[in-house]
Amino acid sequence: MLALLVAQNIAFYVIAALMVFGAIRVVTCTNLVHAALWLVLVLSGMAAQYILLAAEFVAVTQVLVYIGAIVVLFLFGIMLTRAGTGLDGGLDNPRPAKITAGVIGVGLLGVLGYALWDGWKDQEFGPIAVQRTAQVSDSIFSTFLIPFWVISVLLLVALIGAIVLVRRD
Amino acid sequence: MYVNQFLFLGAILFCIGVYGVLARRNGVMILMSVEIMLNAVNINLVAFGAMWHAGDIANMSGQVFALFVIAIAAAEVSVGLAIVLMIYRNRQSIDVSELDLMKG
């Protein structure tokens, strides 16, 4: 049991370091296509963290929807706006705005970190049970049935809206 | 494992996303930063879901909400990229600092 916990902790910290590095590259790198590929690293690291939390269905959905669909959509968007050819100038705001953004980011991290540490100090998970897909579906189709319907309608509306927005006439 | 490990990872990623939204001026890059922020929220939901699931085996709310957030993110990015494409078609540029039509 202890060996498993140690292994989980090592996996967590390695994947977390990769994710933070990838996220920083996404917001700083000067090539749009490279940024989209760094985003893949962040998203797949997130799927690995879900597996560590024993949330198998969310992990699989993360890979399918984010890496399979959304990143491809981003790559199409980059290519259609002709911004993916080599190094692109003008991706970032001027330096004063970037410094302000950095200060806001670090300040927000300080506030969030204080609140989290104040709230959950060193509370442990306890034994993480596997959260099976059957339980997820039971929950969606009983407790959360009406939100599920609303999400379905919302996806339809988004589909129609996207088509209407990019029609040429 | 501590609950705070995952919460702090989410907080760090969220702040990186906030920095990206504020520091970038390319429309597609801003949408990518928003995706990082949505993912950071999702890991909080799944972590709390695992925490409550350990106490009450029938409680799956965390995962269900994470799935809803993933669906919303898919809708958001499709409409957002459609808007970005339309802006590009009209102005030949997706620099959001040029979009000052409603500036007073």
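Coordinate-derived values only; no laboratory data. All of these numbers come straight from a predicted model, not from anything done at the bench. So basically every Cβ, Gly included, is an ideal-geometry build from the backbone, and we count neighbours across all protein chains shown.
Bin by bin, in steps of 5 Å, what percent of the Cα pairs in chain A do you find, going until the bin that has the longest distance? The calculated distribution, bin by bin, is 1, 7, 9, 12, 15, 16, 16, 12, 7, 4, 1, 0, 0.
Taking the Cα centre of chain A as origin and assigning +1 to Lys and Arg Cβ atoms and -1 to Asp and Glu Cβ atoms, the resulting dipole is close to 480 debye.
Of the peptides B:23-32, A:39-48, B:87-96, A:26-35, the ranking by mean beta-carbon count within 10 Å, highest at the top, reads B:23-32, A:39-48, A:26-35, B:87-96.
Since only A:73, A:108, A:139 are under comparison, the one whose Cα sits farthest along the positive direction of the charge dipole of the protein assembly as shown, derived from C-beta charges on Lys, Arg, Asp and Glu, is A:73. For the stretch A:83-169, a crude dipole built from +1 on the beta carbon of Lys and Arg and -1 on the beta carbon of Asp and Glu, taken about the Cα centre, is about 280 debye to the nearest 20. The slack in the chain from residue A:13 to residue A:56, taken as 0.36 nm per residue of separation less the alpha-carbon distance, amounts to 13.5 nm. For the stretch A:95-151 and the stretch B:1-44, what is the separation of their C-alpha centers, rounded to whole Å? After rounding, the separation between the Cα centres reads 11 Å.
Backbone amide hydrogens, once placed in the peptide plane, bring residue A:131 within less than 5 Å of A:56, excluding anything fewer than 5 places away on its chain. Evaluating 6.51 cos²θ - 1.76 cosθ + 1.60 at θ = phi - 60° for every residue in the stretch A:36-49, the Karplus couplings come out as 5, 6, 5, 4, 4, 4, 4, 5, 6, x, 4, 4, 5, 5 Hz, glycine and proline recorded as x.
The largest-to-smallest principal axis extents of the Cα set in chain B are 55, 23, 23 Å.
Once backbone amide H atoms are built at 1.01 Å from N, residue A:92 has B:25 as its partners under 5 Å, excluding neighbours fewer than 5 places away on the same chain.
Give me a single rounded figure for A:62-75: the average over its residues of other chain Cβ atoms within 10 Å of their Cβ.
4
Pick from A:77, A:126, A:22: which residue has the top mean-square fluctuation in a GNM of chain A where Cα pairs under 10 Å get a spring? Judging by the Gaussian network model, the answer is A:126. Per-residue ellipticity at 222 nm computed for chain A from its helices equals -24000 deg cm²/dmol, with DSSP H segments shorter than 4 residues left out and the rest contributing -39,500 (n - 2.57). With θ taken as phi - 60° and the Karplus curve 6.51 cos²θ - 1.76 cosθ + 1.60 applied, the whole-hertz 3J(HN,Hα) list for the stretch B:48-62 is 5, x, 5, 5, 6, 5, 5, x, 10, 5, 8, 8, 10, 4, x Hz, x standing for glycine and proline.
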